[in-house]
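Q: Sharing a structure with you now.
The values are calculated or read from the model by the stated rules, or taken from the named source; none is laboratory data. For clarity, every value in this text was computed on a predicted model and none was experimentally measured. Every residue, glycine among them, receives a Cβ derived from its backbone with ideal geometry; neighbour counts consider all protein chains shown. SASA here: full protein model, heavy atoms, side chains in, ligands and nucleic acids out. Shrake-Rupley method; radii C 1.70, N 1.55, O 1.52, S 1.80 Å.
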Amino acid sequence: MNKVQRFAVLSFLLMMTLALSGCLNNQGASSVKDFFDDFKGYEAQVKVSLLKDSKPNVLRMKQKADLKGNYEYILEEPTHLKGLCVTYDGRRITQYHPATGQTVECEPSQARQEMLLTSFVERYQSSKEVKKDVVKQDGKTLVTIEMPIEGGFKYMAKEKLYLDEEKLLPIQMIIYDETGNITLQVDYESFKYND
């Protein structure tokens, strides 16, 4: 085989590899779309890091939420907040602290809901400014989905979700301020949806 034939064969193999890779990436994007289209609700163990200040405040909690707007989260850490339960039934927020035995009603706020994946899913389903990408991290292929948060909030300007492409499970959700600094990070330690 001469040099020209070898070059042609190698070029053909390279083009086939790129074409197959493109097909696989489109298949992943299609699966991600299916994930969001079929999404109804979830239950997860999460670590929430509030990073507005120089030292992060870390909360560990169990979250349960659905696209009807209902949610509940129960704090597990820090210790002095353990058992604090916040629920929203579509009309009002109640907050129960077992240490005091008191229940307090609060006004609903968008900021309180931004740490929930349901807020991200609702925005994804209606936003026209969704950016998708595929990245490698710790040997896994992840799909990233990024979009702005409407409302002109200084500390919540855009958000980004990292999904495991193979398992279609969220790994991490990050919220950025107007200058691109991370203000809130949600790490998913366990996740079940549509149960």
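Q: Does segment 171-183 hold any residues that are open to solvent by 20 Å² or more (accessible area, probe 1.4 Å) and either in a strand (DSSP E or B) or aromatic (Phe, Trp, Tyr) (or both), and which are they?
A: 171, 172, 176, 182
Q: How many residues are part of a loop (DSSP other than H, G, I, E, B) and among the aromatic types (Phe, Trp, Tyr) if we restrict to segment 101-149?
A: 0
Q: Which condition breaks for residue 168 when tested against (1) more than 18 Å from residue 31 (Cβ to Cβ); (2) open to solvent by less than 30 Å² (accessible area, probe 1.4 Å)?
A: (1)
Q: If I ask for residues that are at pLDDT below 90 and open to solvent by 80 Å² or more (accessible area, probe 1.4 Å), which ones from segment 101-124 would you list?
A: The answer is 107, and nothing else.
Q: Starting from segment 74-87, take each residue that is of a type in the set (Gly, Ala, Ser) and list its partners that are open to solvent by less than 20 Å² (accessible area, probe 1.4 Å), counting only C-beta distances under 9 angstrom and pairs at least six apart or across chains.
A: Pairs found: 83/75.
Q: Here's a follow-up. What is the one condition in (1) closer than 23 Å to residue 163 by Cβ; (2) touching a residue at least 12 places away in the same chain (Cβ under 8 Å) that residue 126 does not satisfy?
A: (2)
Q: Of the residues 146, 189, only one is open to solvent by 40 Å² or more (accessible area, probe 1.4 Å) and at pLDDT 95 or above; which?
A: Selected residue: 189, the only one of 146, 189 that is open to solvent by 40 Å² or more (accessible area, probe 1.4 Å) and at pLDDT 95 or above.
Q: So, one more: In segment 163-195, what residues are under 19 Å from residue 37 (Cβ atoms) and among the hydroxyl-bearing types (Ser, Thr, Tyr)?
A: 193
Q: Can you confirm whether residue 163 is under 15 Å from residue 118 (Cα atoms) and part of a strand (DSSP E or B)?
A: For residue 163, the condition - under 15 Å from residue 118 (Cα atoms) and part of a strand (DSSP E or B) - is met.
Q: Restrict the check to segment 150-157 and report whether at least one residue is within 23 Å of residue 43 (Cα to Cα) and open to solvent by less than 40 Å² (accessible area, probe 1.4 Å).
A: Checking segment 150-157: not a single residue is within 23 Å of residue 43 (Cα to Cα) and open to solvent by less than 40 Å² (accessible area, probe 1.4 Å).
Q: Determine which single condition residue 91 fails, assuming it passes every other condition in (1) in contact (Cβ under 8 Å) with a residue 12 or more places away in the chain; (2) part of a loop (DSSP other than H, G, I, E, B); (3) charged (D, E, K, R).
A: (1)
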